[in-house]
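Here the structure comes first, spelled out in structure tokens, and everything after it is commentary.
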Amino acid sequence: MSGSVKDKIIEIVAEQAVLEPSDITLEQSLEDLGIDSMGLVEAIFSIEESFDIQVPFNANEPEKSEFDISSVQSIITAVEALIAEQKA
């Protein structure tokens, strides 16, 4: 599942950044990719829909949320944790 989670999140992020998935690196932040707060909200909705999970409502406030959006890799890790939590 891990590979498909990574690929889907990269696809979602690339769509919001208007880039090709191959242009996205795991170290980049959403800010690096030019994704603004509205793009972040749309990406979160897309992630929730794609994986049938509930992202914490305060995910866009890193200092208040356990859902880390500081980089593409951190988003992948956070989504994988939510999926595992939901299955438990």
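The values are calculated or read from the model by the stated rules, or taken from the named source; none is laboratory data. Fair warning: this is a prediction, and the values are worked out from it, not measured in the lab. Cβ placement follows ideal geometry from the backbone for every residue including glycine, while neighbour counts extend to all protein chains displayed.
Selection of first residues in region 18-31 that are more than 20 Å from Glu42 (Cα to Cα) and of second residues that are surrounded by 12 or more Cβ atoms within 10 Å (Cβ to Cβ) and of a type in the set (S, T, N, Q), restricted to Cβ pairs under 8 Å at least 6 apart or on distinct chains, gives the following pairs, ordered by first then second residue: Glu27/Ser71; Glu27/Gln73.
Can you name every residue in region 32-43 that is under 15 Å from Ala14 (Cβ atoms) and not in a loop (DSSP other than H, G, I, E, B)? Result: Gly39, Leu40, Glu42, Ala43. Within region 1-24, being under 13 Å from the mean Cα position of the chain (by Cα), more than 12 Å from Ile76 (Cα to Cα) and not charged (D, E, K, R) holds for Ala14, Gln16, Ala17, Ile24. Here Ser29 does not qualify as assigned to a helix (DSSP H, G or I) and at pLDDT 90 or above.
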